[in-house]
1. I'd like to know which of 222, 47, 186 lies farthest towards the positive end of the charge dipole of the chain, counting +1 on Cβ of Lys and Arg and -1 on Cβ of Asp and Glu.
2. Sorted by packing (mean other beta-carbon atoms within 10 Å per residue), highest first, where do 68-77, 153-162 land?
3. Starting from the Cα-Cα distance between residue 35 and residue 181, subtract it from 0.36 nm times their residue separation and give me the gain in nm to one decimal.
4. Take every DSSP beta bridge with both residues inside the chain and express the antiparallel ones as a percent of the total, to the nearest 5.
5. Roughly speaking, to the nearest percent, how much of the stretch 150-222's 1.4 Å accessible area is carbon and sulfur?
6. Select from the stretch 131-207 those GluC sites (Glu not before Pro) which occupy a DSSP coil region and have at most 16 other Cβ atoms within 10 Å, ordered by residue number.
7. Under 5 Å between amide hydrogens, which residues at least 5 positions from residue 24 or on another chain qualify, with H placed 1.01 Å from N in the peptide plane?
8. Pairs of alpha-carbon atoms within less than 8 angstrom and 6+ residues apart define the contacts here; what relative contact order does the stretch 120-194 have, in percent?
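The values are calculated or read from the model by the stated rules, or taken from the named source; none is laboratory data. All values derive from a computational prediction rather than experimental measurement. All Cβ positions, even for glycine, are placed from backbone atoms using ideal geometry, and neighbour counts span all protein chains on display. Accessible surface areas use protein heavy atoms only, side chains included; no ligands, DNA or RNA. Shrake-Rupley method; radii C 1.70, N 1.55, O 1.52, S 1.80 Å.
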Amino acid sequence: MAEVIKVEKLTVEFPAGGAGQQTKVAVKNLNLTVSSGEVFGFLGPNGAGKTTTMNVLLGFVNPTSGSASIFGVDVRQPIARQRIGYLPELTYYYKFLTAEELLRFYAKVFRIPKDQVESRIDEVLKLVELEHARKRLIKTYSKGMQQRAGLAQALINDPDLLILDEPTSGLDPIGRMKVREIIQRLKNEGKTVFFSSHELGEVETVCDRVAILNQGELKVTGRVDDLVRENQMNLEKIFLEMIGYKSPVTV
């Protein structure tokens, strides 16, 4: 399958915070590929370098060394952003808008033809199950509904690649289930989904492949089924082992 994301020897360093402090290495010599149609889970504890890597892919942060490309184009060059949908971990929307108004705004940003806007809004609201609340102010939404509104804006341009940073963060079990179902539907449509998450059970359910990052370094990557079989343990235990976690409680 065609490579949608390719990362080679990627290193990202940030300047020291003060005199005498060392340069912070957020990502170190990272190699990664994501193929067309894959749901790829990008895993790691807080501070592992996941968001920094995503910011490089989106062109928000320049790499110190190495390279990253999307659709075969270096991320430092102009890319067809029309083909990418992005949901940040911390979303903020003008809460005095309704979901419809939010999506019309993003439709303008992506220059979607006027005769296609309403049908596209109908389509994404149906996908994220917000049809019934389309005319309600976003400020009246639950956290899960706001997250699904965020997914709707990430999908309004019908992207080929979705980059989602902690899409289930802070959601209750029902909210997480709904987001998981949406990701599964996108997979069924042949979309490529690259997302970070701390919800390892859900990652194990929906992802084709995963990568585990710790302190900016790649610890393991592979198909979920293969990793579980080879290590004879579930993804959560593999994750804890790869990041070197030792429980202070002995049984």
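1. 47
2. Working: 68-77: 16.6, 153-162: 20.7.
Per-residue mean Cβ counts within 10 Å order the peptides as 153-162, 68-77.
3. Numbers: separation 146, 0.36 × 146 = 52.56 nm, distance 2.09 nm.
Result: 50.5 nm gained on full extension.
4. Working: 22 of 39 bridges.
Once the DSSP bridges in the chain are tallied, antiparallel ones form about 55 percent.
5. Numbers: 1040 of 2470 Å².
Answer for the stretch 150-222 is 42 percent, counting heavy atoms of protein chains only.
6. Working: sites: 131, 181, 189, 199, 202, 204; in loops: 189, 199.
Taking the stretch 131-207 and a limit of 16 other Cβ atoms within 10 Å, the loop GluC sites (Glu not before Pro) found are 189.
7. For residue 24, whose amide H was placed from the backbone, the distant partners under 5 Å are 14, 16.
8. Working: 57 pairs, mean separation 24.7, N = 75.
RCO, the stretch 120-194: 33 percent.
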